[in-house]
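Visitor: Pasting in a structure now, in structure tokens, and then I'll have a few things to ask.
The values are calculated or read from the model by the stated rules, or taken from the named source; none is laboratory data. Keep in mind that what you see is a predicted model, and the values were worked out from it rather than measured. Because the Cβ atoms are built from the backbone with ideal geometry, glycine has one as well, and the counts that use them run over all protein chains shown. SASA here: full protein model, heavy atoms, side chains in, ligands and nucleic acids out. Shrake-Rupley method; radii C 1.70, N 1.55, O 1.52, S 1.80 Å.
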Protein chains: 2
Amino acid sequence: MMDNEQFNLWINEIAQDRSRGASELARRCLTMLADLAQTLPGHDPITFKQHLTDSAQRLAAIRPSMAPIQNLLTRWQQALYDLADSDVETLRYNAVERALQLVEASHKAVTAIAQHSADHIGYGKTLLTHSLSSTVVAVCQQLKDRQLKMIITESRPLCEGRRLGEILSRLAIPTRYITEAQIGLFISQADAVLVGADSVLADGSIINKVGTYLVALAARDHQVPFYTCHESFKRRLVPTELDLEEMATTELHLPQWPHVTPRNIYFDITPAHLISGWITEQGVAMASGL
Amino acid sequence: MMDNEQFNLWINEIAQDRSRGASELARRCLTMLADLAQTLPGHDPITFKQHLTDSAQRLAAIRPSMAPIQNLLTRWQQALYDLADSDVETLRYNAVERALQLVEASHKAVTAIAQHSADHIGYGKTLLTHSLSSTVVAVCQQLKDRQLKMIITESRPLCEGRRLGEILSRLAIPTRYITEAQIGLFISQADAVLVGADSVLADGSIINKVGTYLVALAARDHQVPFYTCHESFKRRLVPTELDLEEMATTELHLPQWPHVTPRNIYFDITPAHLISGWITEQGVAMASGL
């Protein structure tokens, strides 16, 4: 049986997570909702549906910088809404099914993105990426037998780059690991930049791990193309006020000095004019004029 | 008595230092040479002079990215060269004197730079700096009673920003401390960037702690002026092949993965066209067209 305590643990898991990207967390939220729908006691269909909808809204509100969570959970709520209020067991079955279908569709989209990206990038290339994107990892898997080389950043403060380094080493992809500060030195050794995106705004600007904007500036200054790969559901459905999440400054492990305020904002915005192309499951959209 | 072991300890101190900037290390080298001149046993003037010159050359070769060390030590050697090979004790006296005069001149230059910078920057401003420059600290001391606010970077891998945070807090200057990745988010909150320089090239480009180039790109993109303050002897006297020092990658504390090569280059080059002004003891030189 699903109790409130379990749900609060899930809320906490999503709130605390610093290593999974937006797509992975969106899929994780859907499997949580499938579990919830599976185990929630049901007295009448309307209360049952309302409980599921409320839970989806609670999950969707936790990570405001990550559009996919809001978007996928909105789609799931829409599906629930469209279901007749027949009986609890039919509702339960369909709610679980729909959540798992959305997870499956997301996995398929990542596979398609990886293929489009790999075809676009081609043989024997060096890519620079920032932070850890599961979609970029999927691209690396596609390209690992095509002489791919990677340049990766550590991605302070929690160094997701370390997890990426471990993954790429296991794939036997020759990889250089640098601090963020070295991006400007190594950009000229990359054939292209490839990053994921936590959200894509209406004009094509992306919200992604903080530092992505600096990568884009360096790429532009060295005329290195800058691509972002992401599922199309990362587009923000409705323009919302931008909310760049800030995490606990304890992650910086600083002493307390009376006049010093540490800041730990996790995301920045890379404007569309610095982006050469957007790669989704539908294909590659190049910036006009390129 | 000065033995070889002591000198090797000094060599090691300069080689290992990651927290002092180029000016401080240049002055430290001069006090080492003064100590050496003071204590070196002297049999004949020519051997004595040769020993001092060789020692200066050994010190000057340790930190190739730091022009001031080479420049100040070259000046000291020039002074030695100009001295008559009279007797060891006269040579000794003059060698010590000349080293201490150069140290004193450097301190006076820093004071003059701080005054020029403070006058140029003015009242109630927010400055963003990167890494730790003793010259920038001198500017902050000048401006601390003029409502200065600072934004400082941690400066991975060894986080010199922590030492700077501690210093600024002691000066009661309101300071925000950010990771390098957040430079693009905070640049718009700065009225200007002020950084030191480890070397200044003939065309005005600067070699400084790695990441400075990214700060300059972000500043240009937000139309925030980017100033560098440095003693005029940081100019490279002779154009030399650029040597951007790389330090031990153990500083990154990474596990060993077979296909991953960590890199730890300490300096980058900020091209002159991204620099708004150069502040030396002689005054402020603005970029043409600004």
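Visitor: Mark the label point 7 Å from the Cα of B:LYS144 along Cα→Cβ and return the residues of region B:163-199 whose backbone N is within less than 11 Å of it.
Guide: Correct set: B:167-174.
Visitor: Follow-up. Roughly what angle does helix B:67-82 make with the longest principal axis of chain B, taking Cα atoms, 0 to 90 degrees, to the nearest 10?
Guide: For B:67-82 against chain B, the angle is about 30 degrees.
Visitor: Taking the DSSP beta bridges in the protein assembly as shown as the whole, what percent of them are antiparallel, to the nearest 5?
Guide: Working: 22 of 62 bridges.
Once the DSSP bridges in the protein assembly as shown are tallied, antiparallel ones form about 35 percent.
Visitor: Also, quick follow-up: Pairing the Cα long axis of helix A:45-60 with the longest principal axis of chain A, what angle in degrees results, from 0 to 90 and rounded to the nearest 10?
Guide: 20 degrees
Visitor: While we're on this one: Which whole-number percent is the relative contact order of region B:135-286 (Cα, under 8 Å, 6+ apart)?
Guide: On the way: 234 pairs, mean separation 35.2, N = 152.
Here the relative contact order equals 23 percent.
Visitor: Given a 1.4 Å probe and every protein chain left where it sits, what share in percent of the accessible area of the protein assembly as shown is carbon and sulfur? Please report the intermediate quantities before stating the final value.
Guide: Working: 11870 of 23610 Å².
Using a 1.4 Å probe with all protein chains present, the protein assembly as shown comes out at 50 percent carbon and sulfur.
Visitor: Between B:ALA61 and A:ASP203, what is the spin-label point distance in nm, taking each point 7 Å from the Cα along the Cα→C-beta axis?
Guide: 5.6 nm
Visitor: Now a separate question. Which value, to two decimals, describes the C-alpha radius of gyration of region A:1-123 once divided by 2.2 N^0.38 Å? Spell out each step's value before the answer.
Guide: Values: Rg = 15.8 Å, N = 123, 2.2 N^0.38 = 13.7 Å.
Compared with the compact-globule rule of thumb, region A:1-123 sits at 1.15.
Visitor: So, one more: Place the label 7 angstrom along Cα→C-beta at A:TYR93 and in each other copy, then list the distances from the first to the rest in nm, shortest first.
Guide: List, nearest first: 10.7 nm.
Visitor: How large is Rg/Rh for region B:110-202, to two decimals, with Cα atoms and a Kirkwood Rh? Show your work: numbers first, answer last.
Guide: Working: Rg = 12.5 Å, Rh = 13.2 Å.
Rounded to two decimals, Rg over Rh is 0.94.
Visitor: For region A:30-57, list residues with backbone N below 14 Å from a point placed 7 Å from the Cα of A:ASP87 toward its Cβ?
Guide: Counting backbone N atoms under 14 Å from the label point, the list is A:42-45.
Visitor: Could you give the nm distance between label points at B:SER232 and A:MET286, where each point is 7 Å from its Cα heading toward the beta carbon?
Guide: 5.2 nm
Visitor: Further, regarding this structure: Taking only the alpha-carbon positions of region B:159-290 and ignoring solvent, what does the Debye formula give for the base-10 log of I(q)/I(0) at q = 0.22 Å⁻¹?
Guide: Relative scattering, expressed as log10 I(q)/I(0), comes to -1.41.
Visitor: Given the DSSP H assignment, sum -39500 (n - 2.57) over each helix run of at least 4 residues in chain A and divide by its residue total; what's the result at 222 nm in deg cm²/dmol, nearest 500?
Guide: Working: 9 runs with 132 residues, N = 290.
That calculation yields -15000 deg cm²/dmol at 222 nm.
Visitor: Rounded to the nearest 100 Å², what is the buried accessible area between A and B, both sides summed, probe 1.4 Å? If you can, show how the numbers build up before the last one.
Guide: On the way: alone 13750 and 13750 Å², together 23610 Å².
In total, this chain pair buries about 3900 Å².
Visitor: List nothing, just return the count: lysine pairs in the protein assembly as shown, 8 or more apart or interchain, with Cα separation under 19 Å. Could the numbers behind the result be given before it?
Guide: Numbers: A:LYS108/A:LYS234; A:LYS125/A:LYS144; A:LYS125/A:LYS149; A:LYS209/A:LYS234; B:LYS108/B:LYS234; B:LYS125/B:LYS144; B:LYS125/B:LYS149; B:LYS209/B:LYS234.
Lysine pair count for the protein assembly as shown: 8.
Visitor: Tell me the label-point distance for the pair A:LEU9, B:ALA272, using the 7 Å Cα-to-Cβ offset, in nm and rounded to one decimal.
Guide: 6.5 nm
Visitor: Compare the peptides A:34-42, B:56-64, A:173-181, B:192-200 by average per-residue count of other Cβ atoms within 10 angstrom and give them in order, highest first. Spell out each step's value before the answer.
Guide: On the way: A:34-42: 17.0, B:56-64: 19.3, A:173-181: 23.8, B:192-200: 26.4.
The peptides rank, most packed first, as B:192-200, A:173-181, B:56-64, A:34-42.
Visitor: List every residue whose amide H lies under 5 Å from the amide H of B:ARG176, counting only residues 5 or more places away in sequence or on a different chain, with H placed 1.01 Å from N in the peptide plane.
Guide: A:THR261, B:MET150, B:ILE151, B:ILE152
Visitor: Considering the Cα positions of the protein assembly as shown, please state its Rg to one decimal place and its Dmax as a whole number of Å.
Guide: That works out to 28.7, 110 Å for Rg and Dmax.
Visitor: Related question: Suppose every Lys and Arg Cβ carries +1 and every Asp and Glu Cβ carries -1, with no other charges. What dipole size does the protein assembly as shown come out with about its Cα centre, to the nearest 20 debye? All intermediate terms of the calculation are to be shown ahead of the outcome.
Guide: On the way: 52 positive and 64 negative charges, 96 e Å.
In total the dipole reaches around 460 debye.
Visitor: Would you mind estimating how fast chain A diffuses translationally, via Stokes-Einstein at 4 °C and 1.567 mPa s with the Kirkwood radius over Cα pairs, in µm²/s? Write down the numbers at each step before the final one.
Guide: Details: Rh = 20.1 Å.
Taking Rh from Cα pairs, D becomes 65 µm²/s.
Visitor: Measure nothing fancy, just the Cα-based angle from helix A:134-143's long axis to the longest principal axis of chain A, in degrees from 0 to 90, nearest 10.
Guide: 50 degrees
Visitor: With θ set to phi - 60° and the Karplus curve 6.51 cos²θ - 1.76 cosθ + 1.60, what are the ³J(HN,Hα) couplings of region A:173-184 in order, to the nearest whole Hz, using x for Gly and Pro?
Guide: Taking θ as phi minus 60°, the curve returns 8, x, 9, 9, 10, 10, 6, 3, 4, 8, 3, x Hz for region A:173-184.
Visitor: Restricting everything to alpha-carbon atoms, can you work out Rg to Rh for region B:246-290 with a Kirkwood hydrodynamic radius? It would help to have the intermediate numbers written out before the result.
Guide: Numbers: Rg = 18.7 Å, Rh = 14.2 Å.
When Rh is taken as the Kirkwood radius, the ratio is 1.31.
Visitor: Go ahead and run the numbers for FRET between B:ASP35 and B:GLU246, Cβ-Cβ distance against an R0 of 41 Å, rounding to 0.05. Mind showing how you got there, number by number?
Guide: Working: r = 30 Å, r/R0 = 0.73.
FRET efficiency, B:ASP35 to B:GLU246: 0.85.
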